[in-house]
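Read through the structure below, which is laid out as structure tokens, and then see the notes.
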Amino acid sequence: MAWQQRIPHILAVIIVATMVWSFINPYDMRVWWAEMTPILAIFIGLVVTFRKFQFSNTSYVLMSVLLIMHTIGAHYTFARVPFEWVTELFDFERNHYDRIAHFSVGFYAYAAAELLVRNKWARPVTAMFFGLFFIMAIAASYEIIEWQFAVIEGGDAGIEFLGSQGDEWDAQQDMLADTLGALAALVLFWFSKYRRQS
């Protein structure tokens with residue numbers, strides 16, 4: 001097996017190791033489960049479907065960024081991830097780890113476009129638009145879920161899961177970060193071999 005073929009397996013090992021570490025004594029176990037439920041669903045879905053459809057290594061690398069970052073965020077809660085060096089370097093008023101994680105959500109636009117093109121379900125440009133709109137819909141849906149969790153759970157767990165850090169425009173900026181991540185991924189897709197497939 002060539003080393004390129006091992007990349008998905010190596011990434012899977014890294015992700016599982018990060019999940020095990022994250023599960024050990026997290027800041028708040030309720031928040032951990034709330035944060036990790038979608039991540040576990042994505043990871044299990046990718047594992048189960050691996051034999052039926054294998055994404056490109058580029059897709060797996062891009063998708064792994066969110067899985068790893070979100071798993072780290074679940075351990076500390078996103079507002080508490082040790083990210084002070086970035087905050088101090090750019091003189092930010094808040095911890096922007098969650099913004100970077102939201103940006104990585106957009107990377108799934110690449111995989112969405114690749115899936116459509118390789119299965120001949122859509123032409124490349126249509127697939128790219130679908131990838132963008134798919135991410136925007138996911139972003140909006142997740143913000144609604146965060147809001148409802150915060151309302152239902154309440155208390156510190158609700159605040160930590162929401163992770164707004166006092167920013168009244170947090171939801172809108174998170175959705176923008178998701179969208180910008182999707183656009184960045186789709187620029188990469190534009191230069192991939194899949195864009196040239198009919």
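The values are calculated or read from the model by the stated rules, or taken from the named source; none is laboratory data. Computed from a prediction, not measured in an experiment: that's the story for all the values here. Positions of Cβ are generated from backbone atoms using ideal geometry, with glycine treated the same way; all protein chains shown enter the neighbour counts.
Could you tell me whether residue 68 is among the aliphatic types (A, V, I, L, M) and modelled with pLDDT of 95 or more?
yes
For residue 42, indicate whether it is closer than 30 Å to residue 195 by Cα, surrounded by fewer than 18 Cβ atoms within 10 Å (Cβ to Cβ) and under 13 Å from the mean Cα position of the chain (by Cα). The answer is yes for residue 42. If you go through segment 55-86 and keep only what is of a type in the set (Val, Ile, Thr), in a helix (DSSP H, G or I), over 11 Å from the mean Cα position of the chain (by Cα) and closer than 13 Å to residue 32 by Cα, you end up with just 72.
When segment 1-60 is filtered for residues that are in contact (Cβ under 8 Å) with a residue 60 or more places away in the chain and of a type in the set (A, V, I, L, M), the ones remaining, listed by number, are 31, 34. Inclusion of residue 11 among residues that are assigned to a helix (DSSP H, G or I) and over 26 Å from residue 148 (Cβ atoms) is warranted.
Would you check if residue 51 is of a type in the set (D, E, K, R), within 26 Å of residue 148 (Cβ to Cβ), more than 15 Å from the chain's Cα centre (by Cα) and modelled with pLDDT under 95?
Details: of a type in the set (D, E, K, R): yes; within 26 Å of residue 148 (Cβ to Cβ): no; more than 15 Å from the chain's Cα centre (by Cα): yes; modelled with pLDDT under 95: yes.
No; evaluated as a whole, the condition is false for this residue.
Among all residue pairs at least 6 apart or on different chains, which show Cβ distances below 8 Å where the first residue, located in segment 171-190, is in a helix (DSSP H, G or I) and the second is at pLDDT 95 or above and among the acidic types (Asp, Glu)? From segment 171-190, the pairs are 189/114.
Here are 110, 27: which of them is under 24 Å from residue 142 (Cβ atoms) and assigned to a loop (DSSP other than H, G, I, E, B)?
Values: 110 fails: assigned to a loop (DSSP other than H, G, I, E, B).
Of 110, 27, the one residue that is under 24 Å from residue 142 (Cβ atoms) and assigned to a loop (DSSP other than H, G, I, E, B) is 27.
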